Ligand SMILES: Nc1ncnc2c1ncn2[C@@H]1O[C@H](COP(=O)(O)OP(=O)(O)OP(=O)(O)O)[C@@H](O)[C@H]1O
Ligand SMILES: [Mg+2]
């Protein structure tokens with residue numbers, strides 16, 4: 001088996017590389033592909049900390065220790081995913097003590113790993129640091145494909161263009177497989193078209209800003225498989241490797257639907273919907289008792305008081321949140337019961 005070695009890069013930090021790398025690994029694993037994730041970001045070690053919260057064994061040694069300590073083996077630094085046997089992970093290791101003078105340490109370790117394990121995985125995914133430094137340039141020489149993560153704003157775009165131009169200078173631009181636009185709030189068509197014109201790779205997909213996915217990342221969990229975040233990462237990666245990766249079975253947004261995205265808590269949204277529905281019923285009852293059947297259905301006063309209470313509760317975000325949460329839990333429990 002010959003691994004597909006992919007570097008996930010971005011012009012600037014915080015664009016979503018680490019979370020996308022882990023989500024891609026999960027999607028590939030669901031299709032029984034063997035995946036190795038390597039934290040290649042010696043600056044933040046983002047993936048090491050993120051996965052360390054919940055997902056891996058938390059070994060102390062990693063990539064950078066391999067360069068320092070000849071006696072360490074690849075096995076010593078490879079960690080298992082706790083709930084997914086198709087994915088392995090190599091953390092950054094002791095990056096705080098990592099000497100800036102030893103600029104080759106990171107790439108030497110990666111080379112050593114690739115020589116040994118290249119044929120043991122279907123995909124090897126490297127989470128790179130934001131921007132382009134000497135280390136990252138060296139990494140791009142070792143991979144087959146490069147995927148850019150871009151945010152739909154001017155700075156991110158310019159930084160990605162700079163990245164792409166610099167890779168051209170190094171004669172590596174042919175490895176740019178494509179770009180993913182992340183944290184999208186609006187119709188991505190124009191941004192995608194601009195990107196395709198300047199980044200040198202194909203437009204893979206636009207991942208919506210997803211507050212639920214963000215919550216999952218914050219507590220060290222992978223976004224829910226049914227989330228829009230997950231299905232769009234899936235769509236992007238299957239577009240990059242159409243012959244190897246199946247299309248997502250989950251719903252994705254069409255370009256016009258992106259502007260419906262909101263940062264409102266989904267529980268509060270559901271709560272709002274229910275309160276709106278109850279208010280409409282009460283108002284209809286009120287009108288009905290007033291004009292057609294005075295005081296026959298329910299006491300006029302009771303309806304009026306209920307309406308007043310509902311309007312008051314509508315002002316409380318706490319009530320809306322909890323009402324939405326309770327209703328969602330009831331539906332989830334009912335779904336579980338019927339499934340069993
Ligand atoms: N589609 C999205 N919707 C909402 N939040 C997102 C999305 N993608 C990423 N995030 C959030 O953005 C933040 C940065 O993500 P992440 O750490 O994956 O970026 P990064 O590019 O790896 O950053 P760095 O350059 O620091 O390594 C995190 O809080 C993450 O939860
Ligand atoms: Mg990161």
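The values are calculated or read from the model by the stated rules, or taken from the named source; none is laboratory data. All values reported here derive from a predicted model rather than from experimental measurement. Backbone-built Cβ (ideal geometry, glycine too); neighbour counts: all protein chains shown.
Some observations on this one:
- Region 251-275, residues that are closer than 20 Å to residue 203 by Cα and surrounded by 15 or more Cβ atoms within 10 Å (Cβ to Cβ): 252, 253, 258
- Residue in region 150-160 that is part of a strand (DSSP E or B), closer than 22 Å to residue 252 by Cβ and in contact with a strand residue (DSSP E or B) (Cβ under 7 Å, 6 or more places away or on another chain) present: yes
- Filter result (within 16 Å of ligand 2 (Cβ to nearest atom) and modelled with pLDDT of 95 or more) within region 189-216: 207
- Selection within region 91-131 - under 15 Å from residue 144 (Cα atoms) and assigned to a loop (DSSP other than H, G, I, E, B): 118, 119, 121, 122
- Wholly within region 4-75, helices (runs of 4 or more DSSP H) carrying at least 1 residues that are closer than 20 Å to residue 234 by Cα, within 16 Å of ligand 1 (Cβ to nearest atom) and in the same structural domain as residue 119 (by TED's automatic domain parsing): 17-30, 46-54
- If the condition is being under 21 Å from residue 30 (Cα atoms), within 16 Å of ligand 2 (Cβ to nearest atom) and modelled with pLDDT under 90, then region 42-100 contributes no residue at all.
- Among the residues making up region 145-194, those that are under 25 Å from residue 211 (Cβ atoms), surrounded by fewer than 21 Cβ atoms within 10 Å (Cβ to Cβ) and free of Cβ contacts under 8 Å to residues at least 24 places away in the same chain are 153, 154, 190.
- Selection count, region 53-74, where residues are over 16 Å from residue 110 (Cβ atoms) and surrounded by 18 or more Cβ atoms within 10 Å (Cβ to Cβ): 3
- Checking each residue in region 26-39 for being under 21 Å from residue 95 (Cβ atoms) and more than 10 Å from ligand 2 (Cβ to nearest atom) picks out 36, 37, 38.
- Region 102-134: number of residues that are within 16 Å of ligand 2 (Cβ to nearest atom) and either in contact with a helix residue (DSSP H, G or I) (Cβ under 7 Å, 6 or more places away or on another chain) or touching a residue at least 24 places away in the same chain (Cβ under 8 Å) (or both): 9
A quick yes/no check of all residues on (1) under 30 Å from residue 236 (Cα atoms); (2) in contact (Cβ under 8 Å) with a residue 24 or more places away in the chain:
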residue: 246; (1), (2): yes, yes
residue: 277; (1), (2): no, no
residue: 317; (1), (2): no, yes
residue: 340; (1), (2): no, no
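- Residue 46 falls short on exactly one of the conditions (1) over 22 Å from residue 9 (Cβ atoms); (2) touching a residue at least 60 places away in the same chain (Cβ under 8 Å); (3) in contact with a strand residue (DSSP E or B) (Cβ under 9 Å, 6 or more places away or on another chain), and that condition is (1).
- Residue ID - farthest from the chain's Cα centre (by Cα), chosen from residues in region 110-139 that are crowded, with 22+ Cβ neighbours inside 10 Å and more than 16 Å from ligand 1 (Cβ to nearest atom): 110
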